[in-house]
Every structure is written in structure tokens, then in C-alpha cells.
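Following: one structure in C-alpha cells, then a few remarks.
The values are calculated or read from the model by the stated rules, or taken from the named source; none is laboratory data. Small disclaimer: the values here were computed from a predicted structure and weren't measured. Backbone-built Cβ (ideal geometry, glycine too); neighbour counts: all protein chains shown. Side chains are part of the model used for accessible areas, which takes the heavy atoms of the whole protein and leaves out ligands, DNA and RNA. Shrake-Rupley method; radii C 1.70, N 1.55, O 1.52, S 1.80 Å.
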Amino acid sequence: MRESILHYVWQHKLFIAQQLFTTEGEPVAVIDVGKHNTDAGPDFFNAKIRIGETLWAGNVEIHTRSTDWHKHSHHSDKAYNSVILHVVSEVDGEIFRADGAKIPQLALVYPKHIAENYDQLITEQKWIPCGDKIAAVPGIVIESWKNALLTERLEQKMQAITTLLTESQQHWEEAFYITLARNFGFGTNSQAFESLAKSIPLSVLGKHKDQLFQLEALLFGQAGLLTNEATDEYSARLKQEYSFLKAKFNLQPMTGSQWKLLRLRPDNFPHVRIAQFASLIHLSSKLFSKIVDKPEIEYLCSIFVCEPSDYWKRHYLFAHESPTSDKKLGTQSINIILINTVVPFLFCYAQQKNIQLLKDKALQLLEQLPSERNAIITAWQKLGISSATAYDSQALLHLKKQYCDDKKCLRCRIGHKVLTS
Ligand code: SF4
């Protein structure tokens with residue numbers, strides 16, 4: 001028997017209260033299971049338990065077997081002197097505190113189906129271990145769980161933003177610029193794009209923001225894409241401009257090998273994305289301030305419609321012509337940027353400045369944006385879990401990655417229903 005299920009049963013009071021007796025045969029009444037402790041020390045603090053006629057207040061330790069108490073050296077650890085009850089699945093010996101006192105033990109009795117359901121979930125190899133049972137989980141449980149998951153996801157994203165803010169001395173525009181650049185990598189080139197943004201401060205780009213050509217020279221040069229590639233007249237001019245700007249600002253470029261083209265559609269080639277990014281910098285200033293001032297969906301969508309320079313309307317790579325098209329950032333790409341950059345930044349800013357209205361606005365944006373489309377969302381939908389908006393899809397992505405993949409079913413509200421039914 002896994003110890004985690006004993007913790008779970010104890011925490012949620014799923015034991016059979018009428019069948020709780022110590023190994024000495026005294027009845028046990030659990031008045032308060034205590035507070036679950038996930039750090040060092042006993043498993044539950046400040047429990048209240050009546051054993052026989054005596055009411056005890058103290059800590060509870062849980063193990064699979066009695067002998068685990070010795071294995072974990074609790075018998076010589078003063079931190080465990082306040083344990084009033086040892087809860088186990090199997091009693092295989094007596095246990096004592098460091099002060100020599102004997103500790104009452106309880107073999108936990110709980111419905112058999114909970115352990116069976118748990119074993120099934122833990123050993124199941126399906127994409128979603130509870131996939132066969134999720135249809136029976138009430139919709140209201142899933143919807144309320146989505147709300148909690150979304151908050152968790154935003155909090156996780158806020159941690160990354162807070163780190164960037166610390167690195168940039170609380171410069172919101174700089175932190176936003178780096179995160180936005182990362183998003184322009186759309187997964188495959190996210191890391192490379194982030195390195196690019198970190199290699200060239202926003203203030204340097206700001207000095208040349210009126211000249212799209214110079215912005216391209218700075219970004220393509222720093223990206224390491226003006227060195228080994230096939231050349232034409234345009235790239236040769238960019239190279240020349242970059243060489244001047246590089247010396248002026250004492251810049252260190254990345255290596256071009258960090259960029260990936262494999263399995264990308266030409267529209268997603270890093271060259272096209274860098275050109276779009278240059279255009280966005282060219283057309284906007286104080287971007288994050290503008291977003292905070294006007295967090296309206298139509299406005300936000302409009303500011304990210306960035307059309308690259310004429311050269312990139314006819315090329316996917318340097319010196320490789322393509323059919324002419326505007327190569328604007330598409331609607332789906334803009335939505336991804338709003339979901340992954342704009343909303344978390346607005347939420348984080350609102351949290352730090354304590355602006356509840358802006359926080360609500362950030363969440364509203366997710367409700368206004370359509371659900372993301374990817375393999376994970378499709379698989380959830382096949383199981384009957386709907387995803388109409390980005391609010392849904394963000395919650396479902398978080399559930400899969402942070403819970404299902406690690407089989408954290410004991411911490412999942414869907415898991416709670418599956419285990420107890
Ligand atoms: S974490 Fe929740 S949703 Fe995921 S498999 Fe476990 S019970 Fe199902």
C-alpha cells in the first residue's frame with residue numbers, strides 16, 4: 001500500500017469512523033485530522049483525537065508499516081516527540097518516542113474501492129489515466145476545477161515574470177519585451193528568441209526604432225543570421241549596417257546555429273518571425289504601457305498586426321525568393337501572444353499594483369479568445385471535456401502537464417470524484 005493514499009484518506013476523512021481502534025483495542029474518534037505538513041517533521045500538525053476517554057492534541061505520523069517509524073529514525077528524533085498517533089496500513093511492531101513513551105497506533109480502515117480505484121489510476125498507461133471514468137464526473141466539478149487550474153497556471157507564469165522583473169530592475173517594458181520575443185519563437189525557437197532579446201537591450205533598439213532597416217540589421221546581426229547564410233544585396237547591406245552598430249553598442253551576437261528550421265512551415269521560419277518582430281518594435285513604443293491603458297481585445301489584436309519589410313514579403317530566407325504575400329502575423333499567432341504574454345503580464349501587473357479591475361480584465365480576455373488548438377486540447381475534447389475559450393484551454397493544458405503527466409490524481413478534483421465513486 002502506498003503511503004500517499006493513507007495521507008489522502010486521512011486528510012479527507014475517508015476512513016470508516018466506526019472501525020477505528022488502536023492496537024490496544026481502544027476506540028479512536030478523530031475530531032480534527034490536523035493540518036497536512038509537506039515539509040520536514042510529522043505529517044499532520046495539531047490534530048485532535050479522542051483515544052478511549054482521553055482527548056489528545058498533537059501531531060500524527062503516517063506510514064505504510066509500523067516498522068517504518070524506526071527505518072526513518074523517528075524513534076530518536078525529538079521533532080516526533082509530539083506525535084500522539086501513528087497511523088499505518090499494517091501494524092508490524094510497537095513504536096516509541098525519543099523520550100521512551102509508547103505511541104498508540106491505528107491500522108487505518110477505509111473503503112476498499114478507494115484503494116482499488118487509486119491502483120487503477122496509478123498503473124493505467126493511457127494518455128489520461130482517468131479517461132474511462134471522466135465522463136461520469138459532474139460538469140460542475142470540472143468547471144470549478146478549471147477555475148482553480150487557471151489561477152495556478154497564471155501564478156506559475158507570474159513567477160517567470162517576477163524573475164525577469166528582478167533581472168531588469170523592475171523595468172516592465174524590458175521584461176515584457178523579452179517575454180514577447182520568447183513568444184515570437186512559437187515553441188520551436190522560443191529559447192533562441194529569448195536569447196536574442198537578452199542579447200540586445202530594448203533601449204538599444206529604441207534608439208533606432210524609427211528606422212526599420214537598422215532594427216533588422218540589429219536583430220538579424222545579433223541572431224547570428226548574417227554570417228554563414230547565402231547572401232544577396234539586401235543581406236550584404238544589413239551586414240554592413242550591423243557591423244557598424246555592433247561596434248557602436250559593443251554587442252555580442254548569438255550563434256546562428258541556435259535557430260531551428262526543421263519541420264517548420266516557411267511562414268514560421270525564424271527569419272520571417274524576426275522580421276515581424278522588428279516591424280512591431282518599429283511601429284510601437286512603450287508597448288506594455290499601451291496595453292495596460294487599453295486592455296480591450298480589438299485594440300490588442302490590432303497592435304500585433306505587424307507586417308514585415310518589403311524584402312520579407314518576397315523571401316522566407318536570405319537570398320531565397322518566395323511568392324509575394326504580406327506575411328503579417330496571423331490571427332492564431334496573435335491569439336497565442338495574447339494568451340501567453342499579454343494576459344499573464346496584465347495579471348501580474350494588476351496583482352503587484354493591486355488593481356482588481358485589471359485582473360478581472362485579464363481573465364475576461366481569456367474568455368473572449370478562442371480555445372487553443374493542439375493535440376492536447378483535441379484529446380480532452382475526445383474525452384468529452386469541452387474547450388470553447390482560451391480560459392478552458394489554458395486550464396486543460398495545465399491539468400495535463402502539471403497533474404495527469406505526473407499522476408497527481410490525489411491532488412486533482414476530478415481524481416477525488418474518480419477515487420471516491
Ligand atoms: S490528474 Fe486528474 S484528470 Fe488527470 S488523470 Fe488524474 S484524475 Fe484524471
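Odds and ends about this structure:
- Largest mean-square fluctuation among 12, 271, 208, in a Gaussian network model of the chain whose springs join Cα atoms under 10 Å apart, belongs to 12.
- For the chain, the Cβ-based charge dipole about the Cα centre amounts to some 740 debye (Lys, Arg positive; Asp, Glu negative; other atoms uncharged).
- Segment residue 302-residue 321, extension gain: residue separation times 0.36 nm, minus the distance between their alpha carbons: 4.0 nm
- Relative contact order of region 115-216, pairs being alpha-carbon contacts under 8 Å that are 6 or more residues apart, as %: 11
- Within the accessible area of the chain (1.4 Å probe), percent carbon and sulfur: 51
- GNM result for the chain, Cα springs below 10 Å: residue of 296, 367, 24 fluctuating most strongly: 24
- In this rough spin-label picture, where each label sits 7 Å from Cα along the Cβ direction, the residue 408-residue 64 distance is 2.3 nm.
- Each residue of region 326-337 is assigned a 3J(HN,Hα), and the resulting list reads 5, 6, 6, 5, x, 4, 5, 5, 4, 4, 4, 5 Hz, derived from the Karplus form 6.51 cos²θ - 1.76 cosθ + 1.60 (θ = phi - 60°), x at Gly and Pro.
- Extreme residue, positive dipole direction of the chain, given options 178, 87, 103 (C-beta unit charges): 178
- Along region 203-219 the Karplus relation, 6.51 cos²θ - 1.76 cosθ + 1.60 evaluated at θ = phi - 60°, assigns HN-Hα couplings of 4, 5, 4, x, 5, 10, 5, 7, 10, 4, 4, 5, 4, 4, 4, 5, 6 Hz to successive residues, with x for each Gly and Pro.
- Relative protection proxy for 209-221, 141-153, 352-364, from highest mean packing down: 209-221, 141-153, 352-364 (other beta-carbon atoms within 10 angstrom).
- Per-residue ³J(HN,Hα) for region 35-43, Karplus 6.51 cos²θ - 1.76 cosθ + 1.60, θ = phi - 60°, Hz, x for Gly and Pro: 9, 5, 10, 9, 9, 5, x, x, 6
- Region 198-238 - accessible surface per residue (Å², probe 1.4 Å): 42
- Here the extension length gained between residue 31 and residue 147 equals 38.7 nm, from 0.36 nm per residue of separation less the Cα-Cα distance.
- The residues 116, 174, 61, sorted by heavy-atom accessible surface at 1.4 Å with ligands and nucleic acids left out, run 116, 174, 61 from largest to smallest.
- Candidates 264, 383, 165: whichever shows maximal mean-square fluctuation once the chain is modelled as a Gaussian network with Cα springs under 10 Å: 264
- The chain - Rg over Rh from alpha carbon coordinates, Kirkwood radius: 1.13
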